[in-house]
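One structure below.
The values are calculated or read from the model by the stated rules, or taken from the named source; none is laboratory data. In this text the structure is predicted, and so the values were computed from the model without any measurement. Ideal geometry is used to build each Cβ from the backbone, glycine not excepted, and the neighbour counts take in all protein chains shown. Heads up: the accessible areas ignore ligands, DNA and RNA and are worked out on the full protein's heavy atoms, side chains in. Shrake-Rupley method; radii C 1.70, N 1.55, O 1.52, S 1.80 Å.
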Amino acid sequence: MKAQYEILLKDASSLVRVGMNPHPIDDNDTIVAYTLMSAIDHEEPDSIRYVRDIYQQKADNDLMKEKSWGALSYILNRMMQEREGNTVEHKDILTEDLYHYFTADGCKELKNYLVLKYELNNYHPRSVKEYIAQRTYYEDLLMFNDPTRGNWDKTDAVMSAMPIKKGCKVVDMGCGFGYNTLRLLNLVGETGFVYATDTERPYAEYVGNIMAKNGYKNLKAIHSQSNNLGVDDQVDCILMSSLYHIIYTWSREDERKAMLTSIKEHLKPYGYIVIVDNLNRHGEELNNCHVDPRLIQAQLGYWGFKTIALKYLSEQRYMLILQQNNNYTPSAKVKAKKGHKVLNVKNQKSVVHIGSLDSYDITDRGIDAANYVYDFMGGGDRSLAEIAIKKYEEIIPTENFGGEYSALQWLCEAKIASEAEREEMLKDPLNNSFYHYLTDDGCRVLRYYLLHKYKLGNDSIRMLSDSLLEKTGEVGRTHRSYLEDYILALNPKRPSWENTPVILSHLGNLQGKTIADIGSGSGFFTYRFSNLVGNSGKVYALELKDEHIDRLTSFLSEAKIKNVDIIKGKEEVLELPKQVDMMFMCSLYHIMYGVVSDSARDTYLKSLVKCLKPNGELVIVDNGPVNDDTLPYHGPYISRELIEYQLSFYGFELTDFVQVIPQRYMLKFKLNSKH
């Protein structure tokens, strides 16, 4: 199909964002939570009113982010009304259930929520998995079924514009706790039917139970999968509220294709998809997430969906109505004015993917191979390593390009090698450091990682391993994330699959130059740059994570490398002792584009420009989307055009492009003379 969908880029804003940690907690929030806990326990109405007013003020002022404040304010206000004997207007069944859930039995669940969220009373989770699941459950229930949600979600406007009528069949995809489900039931009436689907089983079960308890017989709640709608019927309309930014940026390509195929199969000819999602507010968007509606129109256009209407509900929300039409060809031609850029969306793939690394490794075959590595590294027979090596030979070509499988394979090979063979394998100082860090002391570090990454053993064993390494709770999750980064980045087989020599050869003569390795990790490129710049040059290794810094510091000391200075980086600004000849970023810009807010990225890139010499260069290595017949890189990617367009607004001109391998490219920029 000929590419016809064009998107005009007027400024340096990103088209998508899935920001992490959307609701950071400050000390004042914790103090208020303690105040509320004490007020409930000691029945202090004045203190409860005090906290209620704070939460109400937060709900009024924080229009774009934390959405539990409105629900909490409602709950506390109603508590006071009932205490004072005032008549309380009973709202819909979901609001009533929300209120009684959090206030029953002396506000047991409300207090549990406060303890978990703010880690009150020296709380430490017994199980990280259970802690995350329970906290997420509380937060989603408060946000999804917020009695004041209509104010910020513009629910009435959405429902009035839904292309359905009495008797229609509708899917509430990603139903959460049934907020839209209830309203859809009222729209389709007793002669219609609603399927409420969610990938979280407890959410779907909640919706099914509460609707059945309240006499709704024309509903079926379904625990769906990320690659299957789960509906055994053809429907008139599918609603996705605050979901498509996840499908677009987080779902793996194979999962998204399977899901959209499932949607087409279960949508009647000329049926509708309705998408409600977030607009870009330059750092103030709801839940730190947004997706430009034009990206959805382009992607679904290639799936045969024609845009019927795009309604802007508010400054933060929009509603997109598309109709299935298999004869439709996406078409959107734009004229770029001077200084503007045009992105041509050439197919149905997402232009940015920020998805979880785990989703590419936690497969049945990956777990099977990891079990053999774990048992072998724990003192098992050599044959276990040989089996693991063979299994990785079979699965790497089909499910894990550029991932950690080849690193685990290499560790097994090094372990069973002869003394002479191992000496050759460890001749490179970085490989030697990698091997010993993971396998010394009975392979404790490696076995800890495998145990948790692949969920081997059982919860009790994993909890014990956490305590032995003194890495519990959130600290344990951070530590395991660091180990994943470390194994991926320092994989001794990386130069062969990445074609690292090609990247280094296109950097030019670096002898005596100064390089800033931004996001250096534990030093894969830092070490190579130290050799290229020589004793007269300097490498600045900038890294945010303390564990990477500690590991790199240890390696530099072991290897007696003197021309590298490690700098603890800052998320908001780039600071260097002096201007440098070259800035280098590998597998980092997709995060700057799709995770960092526009305002924060703008500040950072402006500081980067100031730290670059007038004739200095910016080099970016990242992953790109690939053709259907090519195994994609195992993790995130970004279309190169987005980087080029965004950096052009900061005065950067592309001087070189290298397709290093089909999955990976290299961009080289210089500041234009007018900047």
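What percent of all Cα-Cα pairs in region 94-223 falls into each 10 Å bin, going from 0 up to the bin containing the maximum distance?
Reading upward from the zero bin: 12, 38, 33, 14, 4, 0.
Note the angle between two axes, namely the Cα long axis of helix 253-266 and the longest principal axis of the Cα atoms of the chain, as a number of degrees from 0 to 90, rounded to the nearest 10.
30 degrees
Pairs LYS341/LYS610; LYS538/LYS568; LYS341/LYS578; LYS427/LYS568: which are spaced more than 22 Å apart, C-alpha to C-alpha? Display every interim value, and only then the final one.
Values: LYS341/LYS610 24 Å; LYS538/LYS568 16 Å; LYS341/LYS578 33 Å; LYS427/LYS568 29 Å.
In this structure, LYS341/LYS610; LYS341/LYS578; LYS427/LYS568 lie more than 22 Å apart at Cα.
With θ set to phi - 60° and the Karplus curve 6.51 cos²θ - 1.76 cosθ + 1.60, what are the ³J(HN,Hα) couplings of region 103-119 in order, to the nearest whole Hz, using x for Gly and Pro?
Whole-Hz 3J(HN,Hα) from phi for region 103-119: 10, 5, 6, x, 6, 4, 6, 5, 5, 4, 4, 4, 5, 5, 5, 9, 6.
Hey, what angle do you get for helix 405-416 against the long axis of the chain, alpha-carbon based, 0 to 90 degrees rounded to 10?
50 degrees
Non-local amide H neighbours of LEU612 (under 5 Å, H modeled in plane, Pro and chain starts lacking H): which ones?
It is VAL580, by chain and number.
Considering the options MET211, GLY178, PRO163, tell which one lies farthest towards the positive end of the dipole of region 138-215, charges being +1 on Lys and Arg and -1 on Asp and Glu at the Cβ, about the Cα centre.
PRO163
How much length is gained if the chain between ILE31 and TYR123 is pulled fully straight, taking 0.36 nm per residue apart and subtracting their Cα-Cα distance, in nm to one decimal? Could the numbers behind the result be given before it?
Details: separation 92, 0.36 × 92 = 33.12 nm, distance 1.50 nm.
Separation in residues times 0.36 nm, less the Cα-Cα distance, equals 31.6 nm.
Pulled fully out, how much extra length does the chain show between ASP60 and GLN511, if you take 0.36 nm times their separation in residues and subtract their Cα-Cα distance? Display every interim value, and only then the final one.
Details: separation 451, 0.36 × 451 = 162.36 nm, distance 5.75 nm.
That pair, ASP60 and GLN511, stretches by 156.6 nm at full extension.
For LYS166 and VAL115, what does the FRET efficiency come to when R0 = 35 Å and r is the distance between their Cβ atoms, rounded to the nearest 0.05?
Given R0 = 35 Å and the Cβ-Cβ separation, E is 0.15.
Which loop-located GluC sites (Glu not before Pro) does region 71-180 contain, where loop means any DSSP state but H, G, I, E or B and the Cβ has at most 11 other Cβ atoms within 10 Å? Write out the running numbers ahead of the final one.
Working: sites: GLU82, GLU84, GLU89, GLU96, GLU109, GLU119, GLU130, GLU139; in loops: GLU84, GLU89, GLU119.
Counting only loop positions with at most 11 other Cβ atoms within 10 Å, the GluC sites (Glu not before Pro) in region 71-180 are GLU84, GLU89.
Provide the solvent-accessible area of MET20, counting protein heavy atoms only and rolling a 1.4 Å probe, rounded to the nearest 10 Å².
Result for MET20: roughly 100 Å² accessible.
Measuring from label point to label point, each 7 Å out along Cα→Cβ, what is the ILE132 to ARG201 span in nm?
Placing both labels 7 Å along Cα→Cβ, they lie 1.7 nm apart.
I'd like to know which of TRP69, LEU116, ASN400 lies farthest towards the positive end of the charge dipole of the chain, counting +1 on Cβ of Lys and Arg and -1 on Cβ of Asp and Glu.
It is ASN400.
Loop-only check: which GluC sites (Glu not before Pro) in region 473-559 are DSSP coil with at most 15 other Cβ within 10 angstrom?
Details: sites: GLU474, GLU484, GLU498, GLU543, GLU547, GLU558; in loops: none.
Counting only loop positions with at most 15 other Cβ atoms within 10 Å, none of the GluC sites (Glu not before Pro) in region 473-559 qualifies.
Going by amide H atoms built from the backbone, whose H comes under 5 Å of the H on ALA196, apart from near neighbours?
For ALA196, whose amide H was placed from the backbone, the distant partners under 5 Å are ASP172, LYS220, ALA221, ILE222.
In whole Hz, with x marking every Gly and Pro, tabulate ³J(HN,Hα) for region 169-184 from phi via Karplus 6.51 cos²θ - 1.76 cosθ + 1.60, θ = phi - 60°.
9, 9, 10, 9, 7, x, 5, x, 9, x, 4, 6, 4, 4, 6, 5
How large is ³J(HN,Hα) for each residue in region 143-152, as worked out from phi by the Karplus curve 6.51 cos²θ - 1.76 cosθ + 1.60 (θ = phi - 60°), to whole Hz, x for Gly and Pro?
7, 5, 9, 3, x, 9, 4, x, 5, 9
Averaged per residue, what accessible area in Å² does the chain show with a 1.4 Å probe, protein chains only?
On the way: 29310 Å² over 675 residues.
Ligands and nucleic acids excluded, the figure is 43 Å² per residue.
Round to the nearest 0.05 the FRET efficiency obtained for THR478 and ASN325 when R0 = 56 Å and r is the Cβ-Cβ distance. Can you show the working numbers first?
On the way: r = 48 Å, r/R0 = 0.85.
Efficiency for this residue pair is about 0.70.
How high is the relative contact order of the chain, in percent, counting Cα pairs under 8 Å that sit 6 or more residues apart?
13 percent
With label points built 7 Å along Cα→Cβ from the Cα atoms of ASN499 and ALA336, find their separation and express it in nm.
2.6 nm
Apply the a/c threshold of 1.5 to the C-alpha gyration tensor of region 361-448 and tell me whether it is rounded, prolate or oblate.
Numbers: a/c = 1.63, a/b = 1.40, b/c = 1.16.
Judged from the Cα gyration tensor, region 361-448 comes out prolate (a/c at least 1.5, a/b above b/c).
Working from Cα positions, state the angle (0 to 90°, nearest 10) between the long axis of helix 473-489 and the longest principal axis of the chain.
So the inclination is approximately 40 degrees.
Can you list which of the trypsin sites (Lys or Arg not before Pro) found in region 547-587 are DSSP loop residues with at most 12 other C-beta atoms within 10 Å?
Numbers: sites: ARG551, LYS560, LYS562, LYS568, LYS570, LYS578; in loops: LYS560, LYS562, LYS570, LYS578.
Hits after loop and neighbour filter: LYS560, LYS562, LYS570, LYS578.
Whenever you get a sec, line up ARG480, ARG447 from highest to lowest accessible area (probe 1.4 Å, protein heavy atoms).
These residues rank, largest area first, as ARG447, ARG480.
Given the DSSP H assignment, sum -39500 (n - 2.57) over each helix run of at least 4 residues in the chain and divide by its residue total; what's the result at 222 nm in deg cm²/dmol, nearest 500? Intermediate values should be presented prior to the final figure.
Working: 27 runs with 324 residues, N = 675.
Helix contribution divided over all residues of the chain: -15000 deg cm²/dmol.
Quick check: at a probe of 1.4 Å, how many percent of the accessible area of the chain sits on carbon and sulfur atoms? Provide the component values of the computation, followed by the final result.
Numbers: 14060 of 29310 Å².
Here carbon and sulfur together make up 48 percent of the probe-accessible area.
Please list THR478, THR181 from largest to smallest accessible area, probe radius 1.4 Å, with all protein chains kept in place.
Working: THR478 80, THR181 0 Å².
Reading off the accessible areas and sorting them downward yields THR478, THR181.
Can you give me the solvent accessible area of ASP41 with a 1.4 Å probe, rounded to the nearest 10 Å²?
Answer for ASP41: close to 90 Å² accessible.
Do any of LYS129/LYS391; LYS67/LYS169; LYS349/LYS455; LYS220/LYS268 go past 23 Å between their Cα atoms, and which?
On the way: LYS129/LYS391 29 Å; LYS67/LYS169 30 Å; LYS349/LYS455 31 Å; LYS220/LYS268 18 Å.
Listed pairs above 23 Å: LYS129/LYS391; LYS67/LYS169; LYS349/LYS455.
Hey, which lysines would be in cross-link range of LYS108, C-alpha to C-alpha under 19 Å, not counting anything within fewer than 8 residues on its own chain?
Answer for LYS108, where 19 Å is the Cα cut-off: LYS117, listed by chain and number.
Determine, from the Cβ-Cβ distance of GLN659 and ALA12 and an R0 of 22 Å, the FRET efficiency 1/(1 + (r/R0)^6), rounded to the nearest 0.05. Walk me through the intermediate numbers first.
Details: r = 25 Å, r/R0 = 1.14.
The pair GLN659/ALA12 has a calculated efficiency of 0.30.
Please label the shape of the chain as rounded, prolate or oblate, based on the square roots a ≥ b ≥ c of the eigenvalues of the alpha-carbon gyration tensor (a/c under 1.5 means rounded; beyond that, a/b larger than b/c means prolate, else oblate). The partial results should precede the final answer.
Details: a/c = 1.64, a/b = 1.41, b/c = 1.16.
The shape class here is prolate.
Please list the non-local residues whose amide H lies under 5 Å from the amide H of GLU617, H modeled 1.01 Å from N, same-chain partners needing a gap of 5 or more.
When sequence neighbours closer than 5 places are left aside, the close amide H contacts are MET582, MET583.
Straight-line reach from LYS390: which aspartates and glutamates have a Cα under 13 Å away, not including same-chain ones fewer than 8 places off?
Straight-distance partners of LYS390: ASP368, GLU413.
In nm, to one decimal, how far is the THR261 label point from the GLU421 one, both placed 7 Å along Cα→Cβ?
4.1 nm
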